[in-house]
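Computed from the coordinates by the stated procedures, all read-outs in this text should not be read as laboratory data. For clarity, every value in this text was computed on a predicted model and none was experimentally measured. Counting neighbours? That spans all protein chains shown, and the Cβs are built from the backbone with ideal geometry, glycine included.
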């Protein structure tokens, strides 16, 4: 108790001494944001016919699925008793946003992602079932639901159904991440969170982070597989990243200007926090390093004619900085909202454990896990066009 | 019909899979959700009876006063008058409801620690609240050597 008091400045209530929402709750909106963003990027090709981003379409879908599977894990680790989460489906309370979100999550995972991936990869699955033997064949046959039909007409029907699911998927993706912002935005006792702009800011920051992730993954995968990067595709993704980022940044600045102009009773407290405890994570990491710098880099590519190599380096740097910036944004929302007292007279400090249930190491493991799942998914369902052609040739033999 | 179905068969199979999963969920739900759930609100009604069936551990101030009226009288006008007996003496339902309460006599609280639960000096407490640093106050002796716990004011 005595030692804890050293981390306190001014007056705080006893229950504000230690933070209840840890780094795991920072990870949760970060991961769901990546899912929603990757899916919205994938839908560009399918719904809005942006042909240039086609090489990343299937990779983006698998990325969204890999991160979606991991999305609830930080929450379950934070709450403990993961078996109880099933109760939410059995006896959902209709006035609870969190309970209703359980259904949004299930809908998005099963109806949108799994179904769309299945429809899109069905031809590959059937071809791989034909080309393989033994256990592998049984697995692919089960994934194809025993069907061997990849006639032109059946694939055309799949495409139509897939397109419909993507159209349904876009509002679902917005609902998925808008909810996360809604949960924070609706805490009326907390002036750092309580804002109607919160869900909108979360959706746009989700798009930014998801697009940046796919931009990085596509470059990494091309380097790893020693295949040529499709530069028009990369340029288009980077352009969309810039647009989404400008909207996201404008919204965040709108929120800031509104807070400064409104200057309600919490303003001085929050302003002091941003200039002291959150100075590094908010001003330096989120705004300068994680927003202005990548926006500047991406804008530079639009203004100046650069070589392919220079553009790729810039995209890599901008993508990484974007992810750092969006992570810092989630950190500043979740952790920042718990650092000041509701009395508006004092501040506490967040002490992160290392090898504790809600410490840094579990958080790092949870961030690596989606990449492991993605690796398995990519092995199971190679998203590259050459893989599809190769399977077709092998199946014909 | 057969012609229509031919190139949609895989979709029908997927539909059946989803419908099957939904049916399994509904069966699991029917089995797992308690029959009396939701009668009075969003909880299992039987939980009320379960909670009522828990054995009592606290007797309540009135039960103490039934026998110890001298102590009740001695607390009159003291700052400790409103504090529940069991706050210091512990849960005493077993003692109060025993046929022979003297056979189940509760242990007296350790005054060296129990007084400090409330009265240890702490900046967060209101300035007027009696609070001491045991290093500077009482010479390490028990508080009861100077204070009567039932009426602690030193006149």
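Of note:
- Extending 7 Å from the Cα toward the beta-carbon at both residue A:21 and residue A:357 defines two label points whose distance is 1.9 nm.
- Principal axis box of segment B:55-107, alpha-carbon based, largest edge first, Å: 32, 19, 19
- Tail beyond 16 Å, pair distance distribution of segment A:75-168 (Cα, percent): 66
- Average 1/r across all pairs of distinct alpha carbons in segment A:286-335, invert it, and you get the Kirkwood radius: 11.2 Å.
- Taking label points 7 Å from Cα along the Cα-to-Cβ direction, residue B:98 and residue B:49 give a separation of 3.3 nm.
- Computed from the Cβ-Cβ distance with R0 of 51 Å, the FRET efficiency linking residue A:95 to residue B:74 stands at 0.50.
- For chain A, calculated [θ]222 nm from helices alone, where every DSSP H run of n ≥ 4 adds -39500 (n - 2.57): -22500 deg cm²/dmol
- Over the Cα atoms of the protein assembly as shown, the radius of gyration divided by the Kirkwood radius equals 1.11; this is the Rg/Rh ratio.
- Fewest-first ranking of A:141, A:58, using other Cβ atoms within 10 Å as the exposure measure: A:141, A:58
- Working note: Debye formula, equal point scatterers on the alpha-carbon atoms of segment B:93-155, no solvent; log10 I(q)/I(0) at q = 0.23, 0.28 Å⁻¹ is -0.99, -1.26.
- Computed from the C-beta positions of residue A:11 and residue B:120, the FRET efficiency with R₀ = 22 Å rounds to 0.70.
- Here the sum of -39500 (n - 2.57) over DSSP H runs of 4 or more residues, divided by the residues of chain B, equals -12500 deg cm²/dmol at 222 nm, to the nearest 500.
- Rounded to the nearest 10 degrees, the inclination of helix B:9-32 to the longest alpha-carbon principal axis of chain B is 30 degrees.
- Choice from A:286, A:338, A:309 showing the highest fluctuation, given a GNM over chain A with Cα pairs closer than 10 Å: A:309
- Label zone of residue A:261 (point 7 Å out along Cα→Cβ, amide N under 18 Å): in segment A:174-201 this covers A:195-198, A:201.
- Put in order of Cβ neighbour count within 10 Å, fewest first, the listed residues B:137, A:78 become B:137, A:78.
- Using a Förster distance of 51 Å, the FRET efficiency for residue B:58-residue A:292 (Cβ separation, nearest 0.05): 0.25
- Choice from B:72, B:28, B:132 showing the highest fluctuation, given a GNM over chain B with Cα pairs closer than 10 Å: B:28
- For chain A, the longest principal axis of the C-alpha atoms and the axis of helix A:54-70 are separated by about 50°.
- Helix A:231-262 vs. chain A, principal-axis angle (Cα, 0 to 90°, nearest 10): 20
- Over the C-alpha trace of segment B:2-41, radius of gyration and Dmax come out as 17.2, 54 angstrom.
- Extended-chain gain in nm, criterion 0.36 nm per residue less alpha-carbon gap, residue A:272 and residue A:302: 7.1 nm
- Label zone of residue A:235 (point 7 Å out along Cα→Cβ, amide N under 15 Å): in segment A:27-55 this covers A:51-54.
- Whole-Å distance, taken between Cα centres, linking segment A:67-110 and segment B:6-31: 21
- If you run the Gaussian network model on chain A, springs between alpha carbon atoms under 10 Å, then out of A:23, A:203, A:376 the most flexible one is A:376.
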